[in-house]
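What follows is a single structure, and I will ask about it in a moment.
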Amino acid sequence: NGMAYNSYIIEDEKIAVFTEKSIRLKHQSLPIGVIGICEDNNEIALETYKQNRNAVITCGTGNKNTITISSISNNTIFLTIQRTIINQNGKKYEPCEIKIELSKNYSPFSVMAAATILILYGITPDKF
């Protein structure tokens, strides 16, 4: 309803990141093969991905999320990959913890989403 609409589709790798909850996402058509990234509580994005039969990587603090935060301090965040992720080139990222040094404050979702994109590109993130 009064929420902003932010989505990013990286065409080369077919990645769609929905950063806001917006009614405008409903009935959005996404190409086959797009991998969705969103917060675990973004029901509109999750439903959109489901309707389009897209794989989705959820980010949040719960044990059902693919990417979660295990620890955060002033300049360090530990992300946990809780399920195997296979990137576009077939490389597997098994469940593990990744330490990321932060150069400034970012929202937890921003760090999780950016790290997920890098992982899908085959890059293990360590600094932002």
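The values are calculated or read from the model by the stated rules, or taken from the named source; none is laboratory data. A quick note: this is a predicted structure, and the numbers were derived from the prediction, not measured. For neighbour counting, all protein chains shown are included, and Cβ atoms are generated from backbone atoms with ideal geometry for every residue, glycine included. What goes into the accessible areas is simple: the full protein's heavy atoms, side chains included, and nothing from ligands, DNA or RNA. Shrake-Rupley method; radii C 1.70, N 1.55, O 1.52, S 1.80 Å.
Return only the number of the condition from (1) farther than 18 Å from GLU20 by Cβ; (2) part of a strand (DSSP E or B) that THR58 does not satisfy.
In the conditions (1) farther than 18 Å from GLU20 by Cβ; (2) part of a strand (DSSP E or B), THR58 misses (1) alone.
Would you say GLU13 is charged (D, E, K, R), surrounded by 12 or more Cβ atoms within 10 Å (Cβ to Cβ), at pLDDT below 85 and within 13 Å of ALA113 (Cα to Cα)? Don't jump to the end; show me each part of the working.
Details: charged (D, E, K, R): yes; surrounded by 12 or more Cβ atoms within 10 Å (Cβ to Cβ): yes; at pLDDT below 85: yes; within 13 Å of ALA113 (Cα to Cα): no.
So GLU13 fails the test.
Kindly indicate whether any position in segment 76-85 is among the aromatic types (Phe, Trp, Tyr) and free of Cβ contacts under 8 Å to residues at least 24 places away in the same chain.
Taking every residue of segment 76-85 in turn, at least one turns out to be among the aromatic types (Phe, Trp, Tyr) and free of Cβ contacts under 8 Å to residues at least 24 places away in the same chain.
Quick grid of which residues meet (1) touching a residue at least 12 places away in the same chain (Cβ under 8 Å); (2) farther than 19 Å from GLN88 by Cβ:
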site: ILE35; (1), (2): yes, no
site: ILE44; (1), (2): yes, yes
site: LYS50; (1), (2): no, yes
site: VAL56; (1), (2): yes, no
site: GLY60; (1), (2): yes, yes
site: ASN63; (1), (2): yes, yes
site: THR68; (1), (2): yes, yes
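Give the residues of segment 109-128 that are touching a residue at least 24 places away in the same chain (Cβ under 8 Å), open to solvent by 60 Å² or more (accessible area, probe 1.4 Å), of a type outside the set (Ser, Thr, Tyr) and not in a strand (DSSP E or B), sorted by residue number.
Passing the criteria: only ASP126.
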